[in-house]
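The values are calculated or read from the model by the stated rules, or taken from the named source; none is laboratory data. Everything quoted here is computed from the prediction, not taken from an experiment. Every residue, glycine as well, gets a Cβ built from its backbone with ideal geometry; the counts of neighbours run over all protein chains shown. With ligands, DNA and RNA removed, areas are computed over all heavy atoms of the protein, side chains included. Shrake-Rupley method; radii C 1.70, N 1.55, O 1.52, S 1.80 Å.
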Amino acid sequence: MLFQWGMRRQKGQMNDGVQQEGADHSGEATDVPQEPMSAELSVNIDIIRHATGESSDVVIRRFSLGHEKQVKAAAVFVDGLVDEKNVYEFLLMPLLEASFPLALEERERFQWIEKKLAAVGGVKHVAEWKQLFFDLFSGATLILIDGAPFAVSASTKGGQYRAIEEPQTQIAVRGPREGFTESLRTNTAMIRRRIKNPNLWLETMQIGTVTQTDVAIMYVKGIVNDKIVEEVKARLRRIDIDGVLESGYIEQLIEDQTFTTFPTIYHTERPDIVAANLLEGRVAILVEGTPFVLIAPALFIQFFQAGEDYYARFDISTALRFLRVLIFFISLIAPAIYIAATTFHQEMIPTQLVIAVAAQREAVPFPAFVEALIMEVTFEILREAGVRLPRAIGQAVSIVGALVIGQAAVEAGFVSSAMVIVVSITAIASFATPSFAIAISARLIRFGLMFLAAMFGFYGIMMGILVMTIHLCSLRSFGVPYMSPLAPFTPSNMGDTLFRVPTWMFRERPRLMSQKNIVRQSGDQKPTPPAPSRQEKGDGS
């Protein structure tokens, strides 16, 4: 029973003021007790101290209620997770100054405390140890009263969080400058500032048997497809893991296809992008402790779009999207084309160019494939070093390393100048891809296409691209075809794919996402110049 946890009575009499209990680090690890809470304050405090290993950041403050201080009580919170100013000013002080009525039943005691803590939000009744410890480590302050087999949980979340800053991975020329942080509530607030509608629903659950990480899903009721929402919830409920430390855990456990290099769930740290996707009928998944928000379902063409595409004119956005697709294919097949052309298809190269390339390769002892492989691996090493090193020296190391190694490799005869140019253009193209997830997919597939080009020339490249296309068409993202609206072809949704139509032509939402309210704007929103006045007509005549 409860008394098996051991009772360590406090020495001395309790003073009228508030005093803090000491904590040592004795005892062994224990599980959360399954028995109900005791009505004796000392037993409950012993259980809390024993279950937490008498951790030094678990603060237990004893005090007495009533003018004559007859009723013993205690406040329990975790240092660093609460706002201590709120704890003392709006929680402890009202209780210490009030006259606690002794002749109250359990329900009446809770109502009395709830009334006195009106300035504190999230006051609730807790009678189970599992819920008590969850609230405690979520930033709540627990009020325990001698003679009451329950605790009062008051939300006093606080602590230090990173301030809202500009996103580091999705920098925009035009658009909002704020990005998500590691605070779940801050992130949901930034989305609600953009969609001030009661139909923006938020549901929160805890995932991770040990970490109990808060995971929230947001969607716009009436726009989103209910089947997609239910599928997202079902996949999240199936997750049985000890801990979730970042949204990447969730992404890998709920994606449709594991064995593919292409991302089937979109992630972003920009609130404006999340809001735009919610208005299209998608679902956002937010995880406590990470600024990256997951968006599902995701489409292949979505990874070539940027948030600023919708803030600029449609002709400029369309040109940039075609450029991004071209950049993707350059980063995918440029080294393979060089290998195929110099190994099997020299007749396709202009005469002057093939003579120049042959002269450069005369002193190179390796075939084109080995030459390209050496340079690609070298650039990947430099790229990874630039990412992992401190920001102050990371870029310098990447640039200097690329220049020095490239020049030295050419002078030593390991590679040709043409190969350095090809690999450099490929590396720059991979950096220019707007989504890191799709860029790293191209980096991996590039090596496979290089091998096929070395074996079969251009036929191998075409065979590899054909297999990749078939694979893309077979992918699904929460039941939605990954290549839509291109395959299956949906004419009504083609206005926001490789090209973008003017904003006044966005009359419908994507049909595969939203099957309810698909109308985005009613009527003809096309801008029209004002009609000339009579005076202007007279002047013109």
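Looking at the stretch 462-503 only, could you name the residues that are in contact with an Asp or Glu (Cβ under 8 Å, 6 or more places away or on another chain) and farther than 25 Å from L444 by Cα?
G479, S492, N493, R500
Of all helices (runs of 4 or more DSSP H) completely enclosed by the stretch 399-512, which ones contain at least 3 residues that are under 20 Å from H267 (Cβ atoms) and open to solvent by less than 10 Å² (accessible area, probe 1.4 Å)?
In the stretch 399-512, the matching helices (runs of 4 or more DSSP H) lie at 436-456.
If I filter the stretch 304-312 for residues that are open to solvent by 30 Å² or more (accessible area, probe 1.4 Å) and of a type in the set (S, T, Y), do I get at least one hit?
Scanning the stretch 304-312, I find at least one residue that is open to solvent by 30 Å² or more (accessible area, probe 1.4 Å) and of a type in the set (S, T, Y), so the answer is yes.
Restricting the search to the stretch 388-416, which residues are among the polar types (S, T, N, Q) and at pLDDT 70 or above?
Q407, S416
Here is a check on your reading of the model: is F328 out of contact with any Pro (no Cβ under 7 Å at 6 or more places or on another chain) and surrounded by fewer than 22 Cβ atoms within 10 Å (Cβ to Cβ)?
When the stated conditions are applied, F328 does not pass them.
Out of A140, A189, A163, A148, report the one residue that is open to solvent by less than 50 Å² (accessible area, probe 1.4 Å) and under 18 Å from the mean Cα position of the chain (by Cα).
Just a single option satisfies the conditions, and that option is A189.
Could you check the stretch 223-244 and list, in sequence order, the residues that are in a loop (DSSP other than H, G, I, E, B) and either open to solvent by 30 Å² or more (accessible area, probe 1.4 Å) or within 13 Å of E203 (Cβ to Cβ) (or both)?
Across the stretch 223-244, the qualifying residues are V224, R238, D240, I241, D242.
Just the residues that are of a type in the set (K, R) and assigned to a loop (DSSP other than H, G, I, E, B), please, taken from the stretch 162-189.
R162, R174, R177
Matching residues to (1) on the phi > 0 side of the Ramachandran plot; (2) modelled with pLDDT of 85 or more; (3) part of a strand (DSSP E or B):
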position: Q4; (1), (2), (3): no, no, no
position: Q10; (1), (2), (3): no, no, no
position: A39; (1), (2), (3): no, yes, no
position: V43; (1), (2), (3): no, yes, no
position: A75; (1), (2), (3): no, yes, yes
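Please specify each residue of the stretch 190-217 satisfying the condition of being more than 25 Å from G80 (Cβ to Cβ) and either of a type outside the set (A, V, I, L, M, F, W, C) or part of a loop (DSSP other than H, G, I, E, B) (or both).
If the condition is that a residue be more than 25 Å from G80 (Cβ to Cβ) and either of a type outside the set (A, V, I, L, M, F, W, C) or part of a loop (DSSP other than H, G, I, E, B) (or both), then R192, R193, R194, I195, K196, N197, P198, N199, E203 are the ones that fit.
Working carefully through the options F366, F344, find the one that is without any contact (Cβ under 8 Å) to a residue 60 or more places away in the chain, over 17 Å from S430 (Cβ atoms) and surrounded by 12 or more Cβ atoms within 10 Å (Cβ to Cβ).
Answer to the check: F366.
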